[in-house]
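Notes follow once the structure below has been shown.
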Amino acid sequence: MDDLLADFVAETREMLEASEGEIVAWEADPSDRARLDTIFRFVHTVKGNCGFFDFPRLASLSHAAEDALADCRAGRRNADSALVNAVLAIIDTISGMVDAIEAGEEYPEGGDDALIAALGNDEEASDLTFEDLADTALPNPPETAATNGENAPPAPKRTEGGQAVQRSIRLPVDLLDRVMSGVSDMVLARNDLGHRLRQAGNQPTIDGPFERLTTILSDVRDAITRMRMQRIETLFAALPRLVRDLSAELGKQVMVDLEGGDVELDREMVEMVRDPLTHIIRNAVDHGFEAPSARLKEGKREIGLLSIAARQSGNTISIVVSDDGAGLNEERIAAKAVSTGLVTTQQIAEMSREKLLQLIFEPGFSTAETVSSVSGRGVGLDVVRENLEKVGGSIKVSSQPGAGTMFTLQIPLTLSIIAGLTVVVDNQRFAVPQSYIEEIIHASSKALDFTRVGETALVTFRGDRVPCLMLSEVLGIESGDISEGDHTMVLLRLASGDLFALAVESIHSHGDLVVKPLAPAVMKSGIYAGSTLLDDGQPILLLDVTNIASRYDLVSNARTRVRQATEEAENAQTGAVCRAMLFTDFDGRRCAVRLELVKRIETAPTSAIDLSGSKPRAVIDDTILPLVGLPEGPIPSEKVRLLRLSDGTSELLHAVREIDDAVELESDLKPVADDPLIEAVTLVGSQTVSLIDGHELFALHGEPPEVLQKPVCRLPEGDWARTILGPLVLSAGYEIADNSSKPGDNPAEVVIMLEEDFAASPLADDPPSDPVIRLRSVPDAAPDDETIYRYDRSALLDALRTARKTAGSSR
């Protein structure tokens, strides 16, 4: 409301100032009808705004002036000096009241009736001079209060809790665009300077001023951006009340979940989106959600969930409105389309489901059978689509019967500065909006498993299996020299809640990106959302995460929780179908193991395998596990694929040459007597498959897992160590020491220090017993220098491995 009040004050003051000159000119030429119409519009607008904000004194004064001017427009009254004096006096009074509102003060009472009377036909009142009216308009001018002492009327007082409204001015949009473009160029120049300073190494005399420059530029950028941008939460604020009133009117119960309110959008664009978004929400409450009793019968919660999420991707804002209602009724849509003559019955039969759903955007289309205040008026989603297309946006709909409906609105921006991550594929760099990034992890991390099942790549991370896209395959470029499974995984979460992994070769940097639109032909590819310049001046393309996910069918058609629960219930009831993981062992034999035994799929280096004991063992996630299935003789590759099996108590690893797919064993299982580890054989795709006997396998080889203690590494203080160095140390199998602990609290601790900190510490003269890794800030060093360049990844990992062995031997 503060922003609206500030806009009201600014707009009212601007119109009053403009009307004063118009009134004086109109007095000189009363026959000028155009000028009279202009004055009337000014006063009429002020009256309407006053009524909206509940300022009755302002509304009554402006209404009286409007009536007098209306008489002049209708020819019932002639303009004279008395009328002009009265209107000018009212404008002065309104101006004073607006100033009081801006200052958060109360305007003195009295004088309004005399001003209104001066506008009428009262000869005595009409004979008042402008000075007399001015005294009436200002019942307690400062000079009167000074001379009358105690008998003076009270001065304007500040209202309790009143806050002064911020003063504002109006600027041309073109001027704001020029200023924003200049600030964007300053951000690029700052990034370029920062890049050169990093190449030059530590320079204390320059680093300090540069940090101050960065802070100042960030503040200026935020202030300039706010001139044109507005948080979308101002649009979201009214939605819960809208949903509450509609659901109460329709006898439904709906809960609203808002996300992404901090996304910023052009102020004009916010107003353009308000009506389409409101229309979609009204449709969702009216058409989408069932009555509470119907929801309970279908096994749903009595209260429906309406989710509204906003995300920014380059020059595009995505607003996703989804509900867990009944979904779109395809039969009713088809019947309505045929009855209204939009399509024929034959066209409906040949139409795909997705194309059929898009019919709801046709003009005049509505499945409501009765006309109400909410729907059935013939003003449908075609208006929504038309309004969005006017500003270069688009809208899509997807639905699942019984699970809900999801509308995705794409709204473009002309220029924006966003936080982004720069990734590398085949020596080419691309940008990813940081708002989509959930987490970044290297594929070699023990916490993550990468596997291919047929043509589909999957990533298992923290117990969740999500689809994985190789960015090189998405862009159609070479994958470089990196082998599959050694990528860096960027986990991305869409506005719809779907999660997937994007495999890249490496992470280059992160920071602010100035995003500018691309040519329409490039944007139509659906892969790129804009372009930007890196700090070294190189132009790169910004990836359109939402469209890429849609292209590979990674966006759920609607809220899938209800559907998944239904599928799980059906699977539990059928239960007869045996699901198994199909693989090929090192003898070339096709085998399968029941899927419920598979905890996850691991990839381990041969160095993690111990063949010195009576039974092979391997170390996975600092856990020692028994290992079966290895080939006789040397292992043919540097890494081994392992199925990690568990019966709930014991675990073991089964080495495989290749993992094929998860399958359903629909054919009959024929028992096998000659091999105790084989339960049965069956057919999968016309080929024989041996099913592993899980009971016998765990009876012979299963053991409770033996957990090893991870070594501890102490990092230097600072953001760089936490954000850049920390993930590397974790991927090497270390735990990071708590900053609250002291050196020496953890046995066999590995310490990483910056060279300048090490030189200034007592450790330089008295080396500790624990390993210390010293990092320098410049790439080059003397031949006998024992320090490591802090961005030399391979040297850092080698040093951590060596330190781990040293720490382990001292334990």
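The values are calculated or read from the model by the stated rules, or taken from the named source; none is laboratory data. Given the structure is predicted, the values throughout are model-derived calculations rather than measurements. Because the Cβ atoms are built from the backbone with ideal geometry, glycine has one as well, and the counts that use them run over all protein chains shown. Accessible surface is based on the protein model in full, side chains and every heavy atom, while ligands, DNA and RNA are left aside. Shrake-Rupley method; radii C 1.70, N 1.55, O 1.52, S 1.80 Å.
Rundown of residues vs (1) small (Gly, Ala, Ser); (2) surrounded by fewer than 16 Cβ atoms within 10 Å (Cβ to Cβ); (3) in contact with a strand residue (DSSP E or B) (Cβ under 6 Å, 6 or more places away or on another chain); (4) at pLDDT 70 or above, yes/no style:
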position	(1), (2), (3), (4)
Ala368	yes, no, no, no
Ser373	yes, yes, no, no
Val379	no, yes, no, no
Val424	no, no, yes, yes
Ala443	yes, no, yes, no
Lys446	no, no, no, no
Phe450	no, no, yes, yes
Ala457	yes, no, yes, yes
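Against the conditions (1) over 25 Å from Ile620 (Cβ atoms); (2) aliphatic (A, V, I, L, M); (3) not in a strand (DSSP E or B), Ala680 satisfies every one except (3). For region 195-207, filtering for residues that are modelled with pLDDT of 80 or more and of a type in the set (Gly, Ala, Ser) leaves 0. Being of a type in the set (A, V, I, L, M, F, W, C) and either touching a Lys or Arg at 6+ places or on another chain (Cβ under 8 Å) or open to solvent by 60 Å² or more (accessible area, probe 1.4 Å) (or both) is a condition met by no residue of region 321-334.
Per-residue answers, yes or no, for (1) open to solvent by less than 50 Å² (accessible area, probe 1.4 Å); (2) among the aliphatic types (A, V, I, L, M); (3) at pLDDT 80 or above:
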site: Leu502; (1), (2), (3): yes, yes, yes
site: Lys516; (1), (2), (3): no, no, no
site: Met523; (1), (2), (3): no, yes, no
site: Tyr528; (1), (2), (3): yes, no, yes
site: Gln538; (1), (2), (3): no, no, no
site: Ile548; (1), (2), (3): yes, yes, yes
site: Asp553; (1), (2), (3): no, no, yes
site: Ser556; (1), (2), (3): yes, no, no
site: Glu570; (1), (2), (3): no, no, no
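Of all the listed residues (Glu331, Glu389), the sole one being modelled with pLDDT under 80 and either farther than 23 Å from Thr546 by Cα or outside any strand (DSSP E or B) (or both) is Glu389. Filtered by the rule that a residue be within 17 Å of Asn85 (Cβ to Cβ) and small (Gly, Ala, Ser), region 19-61 gives Ser19, Gly21, Ala25, Ala28. When region 217-233 is limited to residues that are within 16 Å of Asp512 (Cα to Cα) and of a type outside the set (D, E, K, R), the one that is modelled with the lowest pLDDT turns out to be Thr225. Of the strands (runs of 3 or more DSSP E) lying entirely inside region 173-284, those containing at least 3 residues that are within 25 Å of the chain's Cα centre (by Cα) and of a type in the set (A, V, I, L, M, F, W, C) span 254-259.
Here Thr682 passes the criteria (1) of a type in the set (S, T, N, Q); (2) open to solvent by 60 Å² or more (accessible area, probe 1.4 Å); (3) modelled with pLDDT of 90 or more except the one numbered (2).
All of Gln358, Gln346 fail the test of being in contact (Cβ under 8 Å) with a residue 24 or more places away in the chain, of a type outside the set (Lys, Arg) and open to solvent by 40 Å² or more (accessible area, probe 1.4 Å), apart from Gln358. Considering region 602-629, the residues that are over 18 Å from Ser731 (Cα atoms) and at pLDDT below 85 include one that is least open to solvent (accessible area, probe 1.4 Å), namely Gly613.
The set of residues from region 685-697 being surrounded by fewer than 19 Cβ atoms within 10 Å (Cβ to Cβ) and not in a strand (DSSP E or B) comprises Gly685, Ser686, Gly694, His695, Glu696. Taking every residue in region 192-220 that is within 15 Å of Gly511 (Cβ to Cβ) and pairing it with any residue that is open to solvent by 90 Å² or more (accessible area, probe 1.4 Å), at least 6 positions away or on another chain, the pairs with Cβ-Cβ distances below 7 Å are Leu217/Met186. When we screen Lys252, Lys300 for residues that are open to solvent by less than 30 Å² (accessible area, probe 1.4 Å) and within 14 Å of Ala326 (Cβ to Cβ), the only hit is Lys300.
Inspect all residues belonging to region 287-294 and state whether any of them is polar (S, T, N, Q), assigned to a helix (DSSP H, G or I), under 25 Å from Gln400 (Cβ atoms) and free of Cβ contacts under 8 Å to residues at least 60 places away in the same chain. Yes, region 287-294 contains at least one residue that is polar (S, T, N, Q), assigned to a helix (DSSP H, G or I), under 25 Å from Gln400 (Cβ atoms) and free of Cβ contacts under 8 Å to residues at least 60 places away in the same chain.
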